[in-house]
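The values are calculated or read from the model by the stated rules, or taken from the named source; none is laboratory data. Just so you know, these numbers come straight off a predicted model, no measurement behind them. Cβ: placed from backbone, ideal geometry, glycine included. Neighbour counts: every protein chain shown. Accessible surface is based on the protein model in full, side chains and every heavy atom, while ligands, DNA and RNA are left aside. Shrake-Rupley method; radii C 1.70, N 1.55, O 1.52, S 1.80 Å.
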Amino acid sequence: MNELFSGNACFIITPYLYLLAGLGLLIICGNWLVTGSVQIARHLKISTFIVGLTIVAYGTSAPEMFISIGAALENAHDIALGNVIGSNIANIGFILAVVVIITPIPIRNKSIGFDLLIMFILIILLFIFGFNGVIGFFEGLSFVLILTGYTVWSAIKARKNNVNTLKIEAPTMKPLLAIIMIVAAIVGLYFSSGWFVQGAREIALQWGVSERVIAISIVAVGTSMPELISSLIAALRKEADLSIGNIIGSNLFNIAGVLGVTAIVRPLTINNQSLFITDMLWLFAISIALLLVMIPLKRGKINRWEGGILLLIFAVYMFILYR
């Protein structure tokens, strides 16, 4: 009897250990990736504005990238897709909301309207691409090309207008050490994403819920922790543009980068079309809510009560998801 109880307890606890170990290593490695990349950028004397726009936003989405690719290779398509949609919802309704509740964020970046437009275009394209039940190679390639074009355009515009919201700081790490940190981060992200997906799938079986529900809630919030940490630090340091830019940039990268690369590696099958449409409508709704709380886009401000509204929308979505 004791052996049976011990075996059952081990069966129940093990998935949570995989989940926690995977999440912890994902966050650590995501931080290493960002730190190492920023140090390399400083050695190359690249504007830190460009670093914030690309490396910080894209680097903090590295956990989503490895989770989705790993899930796709394991034929866990619901986790791969749910991770992206859920992370985007969590970035706005949970991550940004929590940051704003702690410290209101002023909107000072004049070009943020264009960034929001690209974000909405990508959401609409995802809805259209997924309408036939499959997000294939060419859809993924289209996302990656859009992301590449957007990144290049943003970098050129930043240089042309001499936009430097952050000072170019001297590197504090030797180039070789920074490269080693980046390589270690990528290796760690590869293994930790596998643990995380394994734990998530087994927990879904134990709870009797779908992989989609686990992916769009626990996995999505867990892989969004780097965004929470970086956005909160930026906001507390009065770098509001970096904080809000990290959220929008991460949402752009999640769809165009994470989902794009994943679909190129292995086409994603949408197992339940009606649930996909429901999730996309929630993503579109909370994105509209973000736009409304940011108006006016020039010299606007996201206040605590507006952050509370975003958090309430997210809480209602989670309640409906698990009811």
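Can we say Phe66 is at pLDDT 80 or above, out of contact with any strand residue (DSSP E or B) (no Cβ under 9 Å at 6 or more places or on another chain) and either in a helix (DSSP H, G or I) or open to solvent by less than 20 Å² (accessible area, probe 1.4 Å) (or both)? In short, no.
Could you tell me how many of the residues in region 69-97 are among the β-branched types (Val, Ile, Thr) and over 30 Å from Ala235 (Cα atoms)?
Start the filter on region 69-97 by keeping residues that are among the β-branched types (Val, Ile, Thr), which leaves 69, 79, 84-85, 89, 92, 95.
Then drop every residue that is not over 30 Å from Ala235 (Cα atoms), which leaves 69, 79.
Of the residues in that region, 2 qualify.
Filtering Ala90, Ala97 for residues that are at pLDDT 80 or above, under 30 Å from Gly133 (Cα atoms) and either out of contact with any Asp or Glu (no Cβ under 8 Å at 6 or more places or on another chain) or surrounded by fewer than 24 Cβ atoms within 10 Å (Cβ to Cβ) (or both) leaves a single hit, Ala90.
Conditions tested, residue by residue: (1) under 25 Å from Met318 (Cβ atoms); (2) of a type in the set (Lys, Arg); (3) surrounded by fewer than 19 Cβ atoms within 10 Å (Cβ to Cβ); (4) at pLDDT 90 or above.
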| residue | (1), (2), (3), (4) |
| --- | --- |
| Ala215 | yes, no, no, no |
| Leu228 | yes, no, no, no |
| Ile248 | yes, no, no, no |
| Gly260 | no, no, no, yes |
| Trp282 | yes, no, no, yes |
| Ile288 | yes, no, yes, yes |
| Pro296 | no, no, yes, no |
